[in-house]
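Following: one structure in structure tokens, then a few remarks.
The values are calculated or read from the model by the stated rules, or taken from the named source; none is laboratory data. Quantities reported herein were computed from a predicted structural model and do not represent experimental measurements. FYI the Cβ positions are ideal-geometry reconstructions off the backbone, even for glycines, and counts take in every protein chain you see. Areas reflect the complete protein model, heavy atoms only, side chains present, ligands, DNA and RNA absent. Shrake-Rupley method; radii C 1.70, N 1.55, O 1.52, S 1.80 Å.
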Amino acid sequence: MKHFNKGWLLFGVALILLILPCLAAAQEQTGNIQGVVKDRSGAVIPGVEITAASEQRTITTISDEIGYYRFLNLLPGVYTVAAKMAGFQPVTREDVTVQLGRTLQVNFDMTPAGTAVTVTVTGAQEPIVDVSSSKTSTNITQNQIDLLAKGLNFSSVIDFAPGTRYEGKAGGFQIDGASGAENTFIVDGVEVTRIVNGTLGSTKNVPLEFVKEVQVKSAGYEAEYGGATGGVVNVVTKGGTNDFHGEIRLEYTSDTWRGADNPSLRLSPFDPTRKTAEYFYNPYRKDKTRFLNPNYSLSGPLVKDKLWFFGAYAPQYNRYQQRTQLIKPIAAGDTKTTVLNERIFQTVSRSDYAVGRLDYAASSKLTLFGSYNWSPYKSEGATIGSQVSSQSTFDYPRYAFQGGFTPSWQVSYGANYAVTPKLILSFRGGKTYLNDKGGNYDIPVGIQHNIVSAACSVAKYGSCPAGTTTTGNINITTNYLTQFDITNRWNLNGDATYIVKLFGQQHIFRGGYQTNLLNNNVLAGTSAARLYLYYGGSYLGQTGPYGYYATYYFSREGNVNSSNQGFFVQDQWQIHRRLTLNVGLRIEKEYVPAFPITAAGHPDLSAELLKMGNTNPINFGWGDKLAPRIGGAWDVFGNNKLKVSGSYSVFYDTMKYE
């Protein structure tokens, strides 16, 4: 019976989606304005001309037979909304801020012609609340970003959203109680979440100089969003306007302008039971740092009222110097450390960020955009910590040659087409690229990496080989080499929005299809054996004259592909002018591929296990992830100033490659 019900449910969803004439739903990059026009007596006025004007363009619509008007898929920004009709005095609403994913209710009360003045209301005089939404979300606009205390990149404003905080031990941002690997990050309609671990990588964390708005959805969000049990972070980059704007700015800071480094919490090295916690303070008070961030941007019209551009470049240069102490290995009974030597280590890094965006109003019905983000990262040098006890690790001569280069870029494109004022089609697509091979400079190839895990005791054995009386590396710091670790993500999304009145009640239907095509091509691993020495130790009750050793090999190799697909349908149902229901359903299909497993690489596996390991080990069919969403919003006073809302939703995370 359960299978039968699922089948009919999937059939119903598919039928509804076929009725909606488009490829389907993308992550929203726009907002909406709607409202009703009335006269002084409270009667609705059909046929009123309503305009919404921004710095880019002006859009016009007509109020319908019951006085309603709507502007769908407006780019975020500040608008002036005006109403005019013969026989009535014009009314203008200024400073209406359209935000990502929000529908603003802007109503007009018109007076008969002959009144001496035009009525103008500014957004500051009367705040507007999205009284139709039941989701929990926070929008951080460009004006708010300018006023906030923040860092350089968009992640620095995420935790201004209620219920959000950064927690390194949880893998990143915790949104609504979820871990850092359970969120989705979107830039210009394209998902940039790392497919390996589900976090936001530094190369996709674009500077706030490029950002027009950040939206953080934390609960009750629409069925068009999947792949997250935490939050959805949605970012839109800036675009050009009909006026030319340019900026050159330089930001600089160094250790001279900051206080001492904060202490770190650690287990006391003087307690052999490892049960005592203590704060460790930088022996030299603070490390030396220097940060330089020039910004260049230019925007404006290529064709006035038709084609606009925005371009910016904001590299970030960072230098970090750390003075490291070589300390005497701590022995039983020691109560303080003995410093034997000190040495200065340095890393220099450069994060390049550049963006180019075009917005094109092909007609009053069709708008298009395209953007390109370039964000490679390069580092040189290495640091090893404030204190080490291994002489060989301290003396290693090639730290200055270590580092790496990480190529990264993203392209996004999209279109909105108003077939009629009641039918809107949208499409989003794009690709993200990352070659996560940073850290592969100066990695020895074919050299065994010898590591002392338990030190040799001269008192016990009489003599010890060089470099074995302390734990740590004997010869080199690592032989793990990433030749390439390329991830590609292709997004193809679209949506159809249809407004209709059924039995006298307004419905805004939306439905669609989404697909993420994923690829990971990797060749990484130890280029020779890694040898661990355990002097005086035993393994499974056995030991040699000096203890035992363990040989370790590890590699990641393969070129795999997978796809995550989703269908959704949702309805914003206004059952009363002050009460809105938001209902939807999402279904998904997903599989996680297996990297190739060979007999040569896994000689201990049977033929049956080898065969099983080369299939898709994790596979969710269309009926496995049914995610209903239902919510309600009540405009308490009917004046768009206070709402009460609630929701019940089912969310599913997507599986990660690691």
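When the P(r) is computed for the stretch 297-447, the part past 23 Å accounts for 62% of the Cα-Cα pairs.
Could you order E380, E213, E658, E278 by accessible surface area, starting with the largest, using a probe radius of 1.4 Å?
Numbers: E380 90, E213 5, E658 135, E278 50 Å².
Ranked list, largest accessible area first: E658, E380, E278, E213.
Summing +1 for each Lys or Arg and -1 for each Asp or Glu, what net charge is found among the other residues whose Cβ lies under 12 Å from the Cβ of L267?
Working: positive: R266, R274, K275; negative: D271, E278.
In short, +1.
Here the chain yields Rg over Rh of 1.05, to two decimals, using C-alpha coordinates and the Kirkwood radius. Expressed per residue, the C-alpha convex hull volume of the stretch 258-372 stands at 179 Å³. Residue order by solvent-accessible surface for W257, W622 is W257, W622, largest first, with ligands and nucleic acids left out and a 1.4 Å probe. All other residues whose Cβ lies under 9 angstrom from that of V91 are scored, Lys and Arg at +1 and Asp and Glu at -1, for a net of +1.
A simple count of charges around V196, restricted to other residues whose Cβ falls under 9 Å of its Cβ and scoring Lys, Arg +1 and Asp, Glu -1, yields -1. Here the stretch 192-349 was treated as a single set of alpha-carbon atoms; its pair distances binned every 5 Å from 0 give 2, 6, 9, 11, 11, 11, 12, 12, 9, 7, 5, 3, 2, 1, 1, 0 percent. Cα centroids of the stretch 264-307 and the stretch 330-405: 10 Å apart. What the Kirkwood sum gives for the stretch 52-199 is a hydrodynamic radius of 18.5 Å, with every pair of different alpha carbons counted. Think of it as helices only: each DSSP H run of n ≥ 4 in the chain is worth -39500 (n - 2.57), and spread over all residues that comes to -1500 deg cm²/dmol at 222 nm.
Does the stretch 413-481 come out rounded, prolate or oblate by the C-alpha gyration tensor, with a ≥ b ≥ c the root eigenvalues, rounded set by a/c under 1.5 and, if not, prolate when a/b is larger than b/c and oblate if not?
Details: a/c = 10.88, a/b = 4.62, b/c = 2.35.
It comes out prolate by the Cα gyration axes.
On C-alpha positions alone, give me the angle between the axis of helix 2-19 and the longest principal axis of the chain, in degrees, nearest 10. Approximately 60 degrees, to the nearest 10. T347 exposes around 40 Å² of accessible area when a 1.4 Å probe is run over every protein chain in place.
Please list F280, F554 from largest to smallest accessible area, probe radius 1.4 Å, with all protein chains kept in place. Provide the component values of the computation, followed by the final result.
Values: F280 35, F554 85 Å².
The ranking, largest first, comes out as F554, F280.
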